[in-house]
Amino acid sequence: MIVAMQEQATEEQIDFVIDAMVDAGVGVHRTTGASQTILAGVGPTASLDLSKFELLPGVLRVHRISSPYKLAGRSFRPEGTVVEFAHGVKVGSERVVVMAGPCSIEDREQIFETAARVKAAGGSFLRGGAFKPRSSPYAFQGLGIPGLEMMRDAADAHGLLVLSEVMEISQIEPMLPFVDCFQVGARNMQNFNLLRELGQVRKPVLLKRGIAATIEELLLSSEYILSGGNYDVILCERGIRTYETATRNTMDISAIPVVKKLSHLPIVADPSHGTGRRDMIAPMARAAVAAGADAVLVEVHPNADKAASDAAQTLYLDQFDKLMGELRIIATAVGRTL
């Protein structure tokens, strides 16, 4: 259920409504927008008489949520969520944010050179994997915490934020000092124990769509994080597996406007994983910005062909510079900035 308070509702009235909802056995999640407070009630609400809440002082309206995701739905935050970071970076605002870096952190020289070029081109995040989930047990698995230390140093030296993937609960605490945003990969989209634990962390989470997941399943997975009280969730469209073999995955550009309609959460496009092909990253990134993506996540490397992982879907730094110029044009055309 959603309880929308009147614009002039007092804190005493809001607290009174919250207490009434709790007494009715409902868990309450509060969000305050520019003009009003929204109270989302989750739990056994089907049998509740909503009219008794509509009569409480300060209440504007009450309605049931028909969708299975209660907190991820747009009715919880009609104006949309903006996830704020250091350096004034906001994901979900007018500015399209760019997150770029190598698939894997390999050494200090690689990550520092990449950080310098990402910053010079106008990027805000340095992305890179320290723990790598690989299909083969013999493939490069990442440098772990020492790799994160290198990336943190490189990001700080160039005024960038750090995004890196967390694979299991035990990695959360040691990663906390080094990352500004946790990434949950496609393989872990439905690792509900991990998602619940990230709901207890007060640090943003970027949640990637699973390789065969529907949009509803993605939103339900985000619900696990939101229900823990962590409302700084960013969704990511990174391509899904279909019968098509021309690309590694099928980049679902249509998911961007669909998510915008159904949810208040910002959405990122990952054309590197979405296509798996270097020559297709730029056109899909341009399409994603045109479709309304709040950020673009791309893999870049000083020597892309010799990258330790995902070489075929990694841009050279000069290609990244060119892409940034193109994205600025697209962003301006759709009334945004880069």
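Close amide H partners of residue 234, meaning residues 5 or more places away or on another chain with modelled amide H under 5 Å apart, are 205, 206, 207. Mean sequence separation of contacting Cα pairs (under 8 Å, at least six apart), scaled by the length of the chain, corresponds to a relative contact order of 16 percent. In terms of Cα atoms, the Rg and Dmax of segment 83-333 work out to 16.3, 46 Å. The GluC sites (Glu not before Pro) found in segment 1-94 that occupy coil by DSSP, while having at most 12 further C-beta atoms within 10 Å, are 7, 94.
Qualifying trypsin sites (Lys or Arg not before Pro) in segment 72-173, where qualification requires a DSSP coil assignment and no more than 15 other C-beta atoms within 10 Å, comprise 134. Rg over Rh for segment 164-213 works out to 0.93, using Cα positions for both radii and the Kirkwood form for Rh.
Each residue of segment 72-89 was assigned a 3J(HN,Hα) from its phi angle through the Karplus expression (A = 6.51, B = -1.76, C = 1.60, θ = phi - 60°), giving 7, x, 4, 5, 6, 9, x, 7, x, 8, 10, 8, 9, 10, 5, 6, x, 7 Hz with x at Gly and Pro. Within the listed set 15, 156, 318, the Gaussian network model of the chain (springs between alpha-carbon atoms below 10 Å) gives the highest mean-square fluctuation for 15. Database remark: amide H of residue 129 closer than 5 angstrom to the amide H of 104, 105 (H placed geometrically; neighbours at sequence offset of 5 or more, or on other chains; Pro and chain starts carry no H). Springs join every pair of Cα atoms under 10 Å in this Gaussian network model of the chain, and among 229, 274, 199 the largest mean-square fluctuation is at 229.
Mind scanning 208/322; 52/261; 90/306; 208/261; 261/322 and naming the pairs with a C-alpha gap bigger than 28 Å? Beyond 28 Å: 52/261; 90/306; 261/322. Scalar couplings 3J(HN,Hα) for segment 217-225, obtained by applying the Karplus form with A = 6.51, B = -1.76, C = 1.60 to θ = phi - 60°, are 5, 4, 5, 5, 5, 5, 4, 4, 6 Hz; x denotes Gly and Pro. With springs connecting C-alpha atoms under 10 Å apart, model the chain as a Gaussian network and identify which of 67, 222, 309 has the largest mean-square fluctuation. For the chain, modelled as a Gaussian network with Cα springs under 10 Å, the answer is 67. Under the combined filter of DSSP loop state and at most 12 neighbouring Cβ atoms within 10 Å, segment 187-290 retains these GluC sites (Glu not before Pro): 244.
No value in this document is a laboratory result; all are computed from the given coordinates. Source: prediction; values computed, not measured. Using ideal geometry, Cβ is built from the backbone for each residue, glycine included, and neighbour counts are taken over all protein chains shown.
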